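Participant: Just dropping this structure here.
Values in this text are rule-based calculations from the coordinates and carry no lab data. The structure displayed is predicted, hence computed values, not measured ones. All Cβ positions, even for glycine, are placed from backbone atoms using ideal geometry, and neighbour counts span all protein chains on display.
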Amino acid sequence: MTNLKFVMMASMVKPGVFRHVMCRNSMYPRSGVLRFPVADEQVFWSEPYAEYCPPSYTAPHIGGQVWADAPLPSETIQPKWNQNDGQVNRESFHGAYEVRDGLPRNPIGRTGLSGRGSLGRWGPNHAADPIVTRWKRDANGQIVANAATGKNILQMVAIQRSDNKLWAIPGGMVDPGENVTVTLKREFTEEALNFTDKANMVEKFFKEGLHIYSGYVDDFRNTDNAWMETTALNFHDEDGSQVGQLELVAGDDASNVRWTDVDGSLKLHANHSDIVRDVAIKRGAHW
């Protein structure tokens, strides 16, 4: 069984790597709030940008929700930044983030928007992404290789998100105090599976995970003060006899679900394509 202690280790990514492709120079989703312009060379906090004046936006619907933080800054509420705050994990995989004027600062850089947007937590919002894979097979059950590279073709379970219609890894948020391995299994079964008599097999399948990535996600909901981070593990059905045989059914947060061929042309939500590419590399598969 894989030692899962390393799951919580940081996968070091230098600030600015993602350049906030998804969360810059656009209208914030499900709002009329336009982000303040941020060019590539202005992403880094270390770069002077005297004119930078991002609007502040926190979605009204998250007010008072049990899964959401209270408004900040506040004289009475003082979150414990860069550590476990009760059952809420406020640590970042990228080390200690700055806190300015009582608010955490996005470790990757400027996004053109302050506030919390539609995210529940100030600072890092932790998710878990299970990349479930199998080998593509022909009608005779033989593994299919790519004609150009000669490498076997991987397939992954992908869901179509209902919020932006992009295909994605079927992950979700880590509940307060929840072990990330529990989140991985829960989110995948809720988002993609329909099973009744295979619970023991599914339980066993999700005990074997290959760590792929822990870190920042270039999510379209990110702001200067709230951002997504994830832990991604690959669960591989080598002979296709386990999860690879189960019926796929889209959950409440998905419009569709399918087995998708993995290759370099795959376009996914946020930086999910980068994560899936690493799976293909680790499995020696076609990309």
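Participant: In segment 105-236, how many lysine pairs have Cα atoms under 25 Å apart, counting only pairs 8 or more places apart or on different chains?
Facilitator: Taking segment 105-236 as the scope, the lysine pair count is 11.
Participant: Loop-only check: which GluC sites (Glu not before Pro) in segment 183-243 are DSSP coil with at most 11 other Cβ within 10 angstrom?
Facilitator: Here the GluC sites (Glu not before Pro) that fit, given the DSSP loop and packing criteria, are GLU238.
Participant: Explain nothing, just the number: relative contact order of the chain, from Cα pairs under 8 Å at least 6 residues apart, as a whole percent.
Facilitator: Result for the chain is 23 percent.
Participant: Please state the shape class of segment 20-99: rounded when a/c is under 1.5, otherwise prolate if a/b exceeds b/c and oblate if not, all from the C-alpha gyration tensor.
Facilitator: The shape class here is oblate.
Participant: Using only DSSP helix segments of four residues or longer, with each worth -39500 (n - 2.57), what per-residue ellipticity at 222 nm results for the chain after dividing by its residue count and rounding to 500?
Facilitator: -3500 deg cm²/dmol
Participant: Run through segment 39-100 and list the GluC sites (Glu not before Pro) located in a DSSP loop whose Cβ has at most 14 other Cβ atoms within 10 Å.
Facilitator: Passing both the DSSP loop test and the Cβ count: GLU51, GLU75, GLU98.
Participant: Which angle between 0 and 90 degrees, to the nearest 10, do you get for helix 180-192 versus the longest principal axis of the chain when only C-alpha atoms count?
Facilitator: Here the helix axis deviates by roughly 70 degrees.
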